[in-house]
Amino acid sequence: MYTGLRQRLRRRPLVADGLLAVGLVLAEALLTLLTPREFWPRSLPVALGWSLLCAAPVILRRLAPWAAVTAAVATLVLPMLFEANVATQSFTFAVLTYTLAAHHAVRPALLAAVLLWVPVSLVNALVLPAESLPQLSSAYLIANNLLVGIVSFSVGRAVHARRTSIEALRERARVAEANQRALAEQAVADEQRRIARELHDVVAHHVSVMGVLATGVRRVLRRDPDAADEAVATIEETSRATLRELRRLLDVLRTEAEPAADLAPQPGLAGIETLVEQVREAGLPVTFTVAGTPGPVEQGVALTVYRIVQEALTNALKHAGQATAQVRVGFPGDAVEVEVTDTGRGPAPGHRRVGHGLVGMRERVALYGGVLRTGARTGGGYRVYARIPVEPLADAR
């Protein structure tokens with residue numbers, strides 16, 4: 001319950017400081033009641049009003065500390081004009097001194113202390129003690145008030161130093177935790193790479209074995225069918241083992257941030273026409289042409305071509321505005337060429353940041369030893385061009 005109340009007051013500093021001001025007034029009233037009656041002020045209601053007035057600057061101590069200091073110094077006219085000794089005034093000066101010392105740097109805190117307590121000393125030196133306190137001399141009042149100011153300032157600086165130390169320890173703990181997390185992630189990544197290299201060697205060995213066996217099957221298929229059948233069975237078993245190891249390799253390389261694997265077939269060259277139709281329905285007129293005779297292409301190359309077209313058309317939808325686009329896929333024989341152009345305005349002037357889509361396209365094309373060119377077209381629009389070399393899927397012999 002206490003913790004909840006403290007949290008609510010921390011979120012409402014004006015309410016908390018208002019309650020503190022009321023507490024100072026009540027503290028003076030209690031001190032007055034505990035003193036002998038001959039030391040009481042002449043009029044209790046008037047004294048209560050002075051106390052409320054002197055405690056008012058405390059309400060602004062965190063929201064407007066310098067305004068609170070100014071208001072507190074302004075209340076010093078009370079003892080000068082009315083010869084009234086108000087204990088709340090000393091409480092207010094002590095609270096403001098502590099607040100500035102605890103929440104601000106040393107120079108502003110010292111300045112605030114000087115602005116608060118030097119006028120107090122001048123008032124104590126110029127104004128005679130009240131009739132209710134005739135035994136107190138001006139020197140005593142000056143020394144007493146300066147002592148209160150020094151103690152308030154010292155306590156505030158001690159609290160400030162403690163808070164600074166705690167914040168530094170928290171920051172060090174945060175940095176240490178972040179470093180520990182980074183080291184743990186690095187260790188996991190290093191181990192994953194080591195396992196991936198081992199699995200890669202296993203997969204490469206299996207694939208090499210299948211290639212050798214397949215070559216042997218071709219050579220003995222007609223003159224020794226039984227040996228060929230045995231070799232094919234070995235190829236079948238090896239391919240299944242390779243597939244299992246490949247799945248393990250992908251599990252090792254997959255991160256937690258990646259979505260779960262989609263079991264649907266990956267799109268290829270045949271899906272480009274469907275993609276173009278979807279973009280047309282989205283509002284961008286697109287023409288699709290194929291140059292040359294499509295030949296057998298690796299699934300990875302076909303997927304790369306599809307992703308290039310997808311990313312280029314998506315960028316055209318975002319940035320081209322009122323425009324048209326053209327997709328051309330060519331098969332010159334030893335490569336696959338894809339070109340996506342539009343007649344739009346392209347990226348905004350001064351836009352130099354390379355997006356994740358272009359980086360992804362470049363990485364995909366580089367994986368297969370291809371080239372990628374992107375940039376503005378002469379006369380307006382944007383162009384994405386890629387050329388990916390292809391290798392025959394089967395030996396010609």
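The values are calculated or read from the model by the stated rules, or taken from the named source; none is laboratory data. Remember, predicted model here, so these are calculated numbers, not experimental data. Positions of Cβ are generated from backbone atoms using ideal geometry, with glycine treated the same way; all protein chains shown enter the neighbour counts.
Kindly establish whether ALA241 is part of a helix (DSSP H, G or I), more than 30 Å from ALA325 (Cβ to Cβ) and either touching a Gly at 6+ places or on another chain (Cβ under 6 Å) or at pLDDT below 80 (or both).
yes
Any residue in segment 315-325 that is assigned by TED's automatic domain parsing to the domain that holds VAL340, assigned to a loop (DSSP other than H, G, I, E, B) and at pLDDT 85 or above?
yes
Considering each of LEU30, LEU14, LEU5 in turn, give the residue that is in a helix (DSSP H, G or I), of a type in the set (A, V, I, L, M), at pLDDT below 70 and surrounded by fewer than 18 Cβ atoms within 10 Å (Cβ to Cβ). Walk me through how you get there before you give the answer.
Working: LEU30 fails: at pLDDT below 70; LEU14 fails: at pLDDT below 70.
Selected residue: LEU5, the only one of LEU30, LEU14, LEU5 that is in a helix (DSSP H, G or I), of a type in the set (A, V, I, L, M), at pLDDT below 70 and surrounded by fewer than 18 Cβ atoms within 10 Å (Cβ to Cβ).
Of all residues in segment 306-324 being of a type in the set (A, V, I, L, M, F, W, C) and in contact with a Gly (Cβ under 8 Å, 6 or more places away or on another chain), which is farthest from ALA386 (Cα to Cα)?
ALA323
Answer yes if at least one residue in segment 257-268 is under 30 Å from GLN322 (Cα atoms), among the small types (Gly, Ala, Ser) and at pLDDT 80 or above, and no otherwise.
The answer is no, given that none of the residues of segment 257-268 is under 30 Å from GLN322 (Cα atoms), among the small types (Gly, Ala, Ser) and at pLDDT 80 or above.
Within segment 281-296, does at least one residue satisfy the condition of being in a helix (DSSP H, G or I) and assigned by TED's automatic domain parsing to the domain that holds GLY357?
Filtering segment 281-296 down to residues in a helix (DSSP H, G or I) leaves 281-282.
Retained after the next criterion (residues that are assigned by TED's automatic domain parsing to the domain that holds GLY357): 281-282.
Within segment 281-296 (the criterion being in a helix (DSSP H, G or I) and assigned by TED's automatic domain parsing to the domain that holds GLY357), the answer is yes, since at least one residue qualifies.
With the requirement that a residue be in a helix (DSSP H, G or I) and modelled with pLDDT under 70, what does segment 33-52 give you?
Passing the criteria: LEU33, LEU34, ARG37, GLU38, PHE39, LEU44, PRO45, VAL46, ALA47.
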